[in-house]
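First comes the structure, then the notes that go with it.
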Amino acid sequence: MGKTAHTAFNCAEGCSVEAALAVIGGKWKGTILYRLHRDGVLRFNEIRRILPAVSQRTLTAQLRALEADGIIERTVYAEVPPRVEYRLSAYGQTLAPVLLALKAWGDGHKARSEAA
């Protein structure tokens with residue numbers, strides 16, 4: 001595996017949660033990861049359509065960070081115009097239970113908020 005975006009953590013109990021959130025936290029990463037888990041492979045512009053409020057620059061930065069951490073794989077096809085696809089790596093697929101648990105918790109939270 002290549003260089004990761006997040007390297008050393010030297011802290012007390014709870015540090016593992018901090019390490020995990022450093023990789024998957026952020027405004028857009030959760031949605032990107034969930035959709036890659038659900039859909040398998042997405043092109044850059046498909047992700048842009050899913051997240052219309054994100055700027056191209058921010059989306060690119062989030063995707064590069066996930067790639068640097070080995071969570072997603074990026075494939076560039078030598079075509080005109082270039083086609084770029086993203087998918088969860090084998091390592092990224094280990095996040096599936098976490099993503100599904102976050103979705104379930106979010107569904108419950110939305111329902112609770114709407115009922116209030």
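Bear in mind that the values in this text are calculations on the coordinates, not laboratory data. This is a predicted model, so every value here is computed, not measured. So basically every Cβ, Gly included, is an ideal-geometry build from the backbone, and we count neighbours across all protein chains shown.
Before moving on, here are some points about what is shown:
- Angstrom value of the Kirkwood radius, inverse mean 1/r, which spans all Cα pairs in the range 56-116: 13.9 Å
- FRET efficiency for VAL84 and ARG112, using Cβ-Cβ distance with R0 set to 35 Å, rounded to 0.05: 0.35
- Considering only Cα atoms, the convex hull volume of the range 14-115 works out to 116 Å³ per residue.
- Candidates per trypsin sites (Lys or Arg not before Pro) in the range 23-63, loop by DSSP, up to 16 other Cβ within 10 Å: LYS27
- The phi-based Karplus calculation (6.51 cos²θ - 1.76 cosθ + 1.60; θ = phi - 60°) puts the 3J(HN,Hα) values of the range 26-32 at x, 5, 10, 4, x, 5, 4 Hz, whole numbers, x for Gly and Pro.
- Listed values for the range 46-53 are Karplus-derived 3J(HN,Hα) couplings in whole Hz (6.51 cos²θ - 1.76 cosθ + 1.60, θ = phi - 60°), namely 5, 5, 4, 5, 5, 10, x, 7, and x replaces Gly and Pro.
- For ASP69, the amide hydrogen comes within under 5 Å of the amide hydrogens of ALA5, counting only partners 5 or more places away or on other chains and with H modelled in the peptide plane.
- CD proxy at 222 nm, helix term only [per DSSP H run n ≥ 4: -39500 (n - 2.57); per residue of the chain; nearest 500]: -17000 deg cm²/dmol
- Karplus-based coupling profile of the range 67-82, in residue order and whole Hz: 5, 4, 7, x, 7, 10, 10, 10, 10, 10, 9, 6, 10, 10, x, x, with θ = phi - 60° in 6.51 cos²θ - 1.76 cosθ + 1.60 and x standing for Gly or Pro.
- Near ARG83, the amide H atoms lying under 5 Å from its own belong to TYR77; only residues 5 or more places off or on other chains count, and H is placed 1.01 Å from N.
- For SER89, the amide hydrogen comes within under 5 Å of the amide hydrogens of ILE72, GLU73, counting only partners 5 or more places away or on other chains and with H modelled in the peptide plane.
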